[in-house]
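To keep things clear, I will list the structure first and then write my remarks on it.
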Amino acid sequence: MNNTNEKIGHLIAQIRQERSLTQAEFARKLGTSQSAVNRMEHGHQNLSMETLGRISDVLNKQLISLNSTGTNLRIEGGHELHGEIALKTSKNAAVGLLCASLLNYGVTRFKSFPRIEEVFRIIEVLESIGVQVKWHPNNDLEIRRPEELQLDKLNKESARKTRSVLMMIGPLMHDYNEFKIPYAGGCKLGTRTVAPHLYALEEFGVGIVATQGHYNITVDQKPAGRVTMYEPGDTATENTLMAAARTPEETILEFASANYAVQDMCYFLQKLGVKIEGIGSTTLKVRGVPHIKKNVTYAPTEDPIEAMFFVSAAVTTNSEITIKHVPIEFMSMELMKLKHMGLDIAISERYKAANGHTDLVTIKVHKHDGKLRALDDKIHSLPYPGLNADNLQYFVPIAAVTQGRTMIHDWMYENRAIYYTEMTKIGAQVELADPHRIYITGPTKFSAADVVCPPALRPASLLLIGVGLAGLGFRRRKLAS
């Protein structure tokens with residue numbers, strides 16, 4: 001093989017065969033002809049990034065990874081957006097649900113599952129220990145757990161790319177007295193302690209000891225009774241819920257997160273037969289099932305963080321767009337803040353999500369024509385039902401097009417506010433008060449420049465919104481998780 005196309009073609013053919021797909025089946029899933037697939041696999045066809053992305057989705061395998069030098073994107077900004085978009089299902093809920101599928105010895109099916117990198121990483125981990133994972137049309141996902149998992153074959157490389165792998169401790173503790181979990185990775189947002197997981201799981205008889213490159217997990221299982229969460233974090237609460245899910249005695253979780261991903265986890269566990277009271281509150285009463293073997297189908301709800309991304313993009317570019325399937329209970333505070341800044345947003349009547357529980361709405365963001373006003377008080381996040389921590393950064397580009405001075409207090413992560421100062425390169429007036437607080441003075445006269453993408457998902461996406469205003473070279477050093 002003497003050229004890049006031949007190497008990529010050989011890789012595509014190899015993965016296709018591993019997935020037990022014929023060329024004709026692969027072509028049908030890809031939406032092309034068998035002859036085109038044959039040309040690809042023999043290196044006789046040039047492949048665009050878009051085509052490689054589609055192939056990766058169909059094969060459920062990342063074909064290309066970026067090295068430390070990254071890739072450069074050039075974006076022509078300064079254009080208004082228009083039209084409507086329907087939200088995809090929640091990424092944060094999806095990764096937790098993948099881990100929760102290990103509780104079930106039956107067949108688990110998830111509807112309309114998000115095909116994104118972090119989901120792919122968790123799937124790679126599951127497959128490495130013997131779980132059968134299969135994609136179906138419409139992004140439905142089928143998971144079959146074997147009786148015995150091959151934990152010694154766990155894919156460490158994939159596991160270290162996401163903090164979500166920590167949520168495997170909760171389900172695995174029911175079947176194994178000892179196992180290892182690689183150190184978790186993910187976005188670089190400062191020190192992110194595992195103490196909330198440790199302190200909660202200790203109540204169930206789980207011991208977690210950090211060693212070189214991994215956590216040693218030991219289990220002497222016992223009923224926890226009443227568990228007070230060290231902090232109301234989403235993943236720590238989900239881990240504790242999974243620990244309680246197969247504990248037959250009643251577990252009471254106090255100061256639990258009530259956020260959207262946790263609620264999705266609760267509704268899924270109820271499908272498995274777990275009894276849960278208090279969903280949507282900070283106190284949960286859980287009575288588990290010792291052994292679960294059920295064929296279940298569950299539809300996770302749509303992503304409120306994606307909703308806020310599109311709201312921010314519309315406001316920042318002074319555009320009118322419609323966003324469908326917005327989980328309103330997890331966006332109400334954000335929309336209320338924007339309303340008091342002067343933004344006109346039309347909100348439809350509520351309707352139920354496919355999970356039968358979550359309230360959705362369709363919202364229409366109207367043009368503001370530069371008339372937004374800065375709020376007198378600071379903008380900061382709080383645990384649900386407050387403003388979501390993952391939505392806070394989307395107020396940065398909004399504040400940049402708002403008249404007046406806005407203070408944003410990002411108290412949760414000690415490094416994230418520093419990333420916001422990258423907006424100064426495109427003209428935003430950003431003052432860093434300390435590692436947690438910034439002042440933004442608007443409106444901004446944006447200009448083209450080169451900016452560097454931070455190694456974290458949300459700051460990276462707010463910069464993407466910013467560059468959409470100006471039109472500039474955008475250097476992405478590393479893909480955010």
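Kindly report, to the nearest 10 Å², the accessible surface of Leu253 as traced by a 1.4 Å probe over protein heavy atoms only.
Accessible area of Leu253: about 0 Å².
For the range 312-456, what is the convex hull volume of its Cα atoms per residue in Å³?
119 Å³
Heavy atoms only, probe 1.4 angstrom, no DNA, RNA or ligands counted: give me Arg226, Arg145, Arg437, Arg160 ranked by accessible area, highest first.
The most accessible residue leads, giving Arg226, Arg160, Arg437, Arg145.
At 37 °C and 0.692 mPa s, grab the translational diffusion coefficient of the range 212-305 from Stokes-Einstein with a Kirkwood Rh over Cα pairs, rounded to a whole number in µm² per second.
235 µm²/s
Quick one: Kirkwood hydrodynamic radius for the chain, alpha-carbon pairs, angstrom, one decimal?
With all distinct Cα pairs of the chain included, I get 23.8 Å.
Quickly estimate the mean residue ellipticity at 222 nm for the chain, helices only: each DSSP H run with n ≥ 4 gives -39500 (n - 2.57), and the total goes over all residues, rounded to 500. Please report the intermediate quantities before stating the final value.
Numbers: 16 runs with 151 residues, N = 481.
Only helices count here, giving -9000 deg cm²/dmol.
Over the heavy atoms of Glu302, what accessible area does a 1.4 Å probe trace out, to the nearest 10 Å²?
So the heavy atoms of Glu302 present about 30 Å² to solvent.
Ignoring ligands, DNA and RNA, what accessible area per residue does the range 192-292 give at 1.4 Å, in Å²?
Details: 3980 Å² over 101 residues.
Heavy-atom SASA per residue in the range 192-292 reads 39 Å².
For Phe204, what accessible surface area do you get with a 1.4 Å probe? Give it in Å², rounded to 10.
Around 0 Å² of this residue is reachable by solvent.
Taking N as the number of residues in the range 138-244, what is its alpha-carbon radius of gyration divided by 2.2 N^0.38 Å?
The range 138-244 yields a ratio of 1.09.
If you restrict to DSSP beta bridges whose two residues both lie in the chain, what percentage is antiparallel, to the nearest 5?
Of those bridges, close to 75 percent are antiparallel.
Between the DSSP loop rule and a limit of at most 15 other Cβ atoms within 10 Å, which GluC sites (Glu not before Pro) in the range 219-281 are left?
Qualifying residues, ordered by number: Glu249.
Mind listing the phi-derived Karplus ³J(HN,Hα) values for the range 131-147, rounded to whole Hz, using 6.51, -1.76 and 1.60 with θ = phi - 60°, and x for any glycine or proline?
After applying 6.51 cos²θ - 1.76 cosθ + 1.60, I find 6, 8, 10, 9, 7, 10, x, 6, 6, 6, 10, 10, 10, 10, 8, x, 4 Hz.
The values are calculated or read from the model by the stated rules, or taken from the named source; none is laboratory data. Computed from a predicted structure; not experimentally measured. So basically every Cβ, Gly included, is an ideal-geometry build from the backbone, and we count neighbours across all protein chains shown. For the accessible areas, the whole protein counts, side chains as well, though only heavy atoms, and no ligand, DNA or RNA atoms are used. Shrake-Rupley method; radii C 1.70, N 1.55, O 1.52, S 1.80 Å.
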